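Before any comments, here is the structure.
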Amino acid sequence: ASSIFHEQPIKVFNYGDMKRDFTYVDDIVEGVIQVLDHLPKPIFSFDHQVKTLTPGCSNVPYRIYNIGNNKPVDLMEFIEVLEQAIGKKAKKEFLPMQPGDVKETFADTSDLHQEIGFEAKTSIEVGIPQFIEWFRDYYGYGTRP
């Protein structure tokens, strides 16, 4: 967002042919709050012959959840929605795929949905304009032209 406001180029890897999972901050907060109301049960597994805990098990109640949107979005669509919210076209520097990068990533939230019933609800069409409104206010960019 800052680069677009300052009319600086943004690097677009794999020539924009990427998908990423974008999650609005309010959805993350809501997910954390819902998890707090669902205390996990201990998973205790003791190997009596070796006298050690089985890896991944504990008598301490804990669970690890991915909180995300679980809906990968085309990078170019994300940039277009960002441009609309800002009211400026991004200067794009299209680059090849970076070593070690992957074409598509997303959060696997199946455990969270199955055990808690939580799903992120904010689409990029709703979340990005809200983010840009906050961004303008916080960094003093004024209102949309």
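For the range 70-83, the condition of being modelled with pLDDT of 95 or more, loosely packed, with under 12 Cβ neighbours inside 10 Å and under 24 Å from D137 (Cα atoms) holds for none of the residues. Residues in the range 113-142 that are at negative phi and in contact with a helix residue (DSSP H, G or I) (Cβ under 7 Å, 6 or more places away or on another chain): I116, F118, E119, A120, K121, T122, I124, E125, I128, P129, I132, Y141. Scanning the range 25-43 turns up no residue that is in contact with a Leu (Cβ under 9 Å, 6 or more places away or on another chain), modelled with pLDDT under 85, part of a loop (DSSP other than H, G, I, E, B) and more than 24 Å from F106 (Cβ to Cβ).
Residues checked against (1) modelled with pLDDT under 95; (2) surrounded by 12 or more Cβ atoms within 10 Å (Cβ to Cβ); (3) hydroxyl-bearing (S, T, Y); (4) in a loop (DSSP other than H, G, I, E, B):
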site: K92; (1), (2), (3), (4): no, yes, no, no
site: M97; (1), (2), (3), (4): no, yes, no, yes
site: V102; (1), (2), (3), (4): no, no, no, yes
site: L112; (1), (2), (3), (4): yes, yes, no, no
site: K121; (1), (2), (3), (4): no, yes, no, yes
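When R136 is tested against (1) loosely packed, with under 13 Cβ neighbours inside 10 Å; (2) among the basic types (K, R); (3) over 19 Å from V32 (Cβ atoms), only condition (1) is not met.
The values are calculated or read from the model by the stated rules, or taken from the named source; none is laboratory data. Quantities reported herein were computed from a predicted structural model and do not represent experimental measurements. Neighbour counts are summed over all protein chains in view; Cβ atoms, including those assigned to glycine, are modelled from backbone coordinates with ideal geometry.
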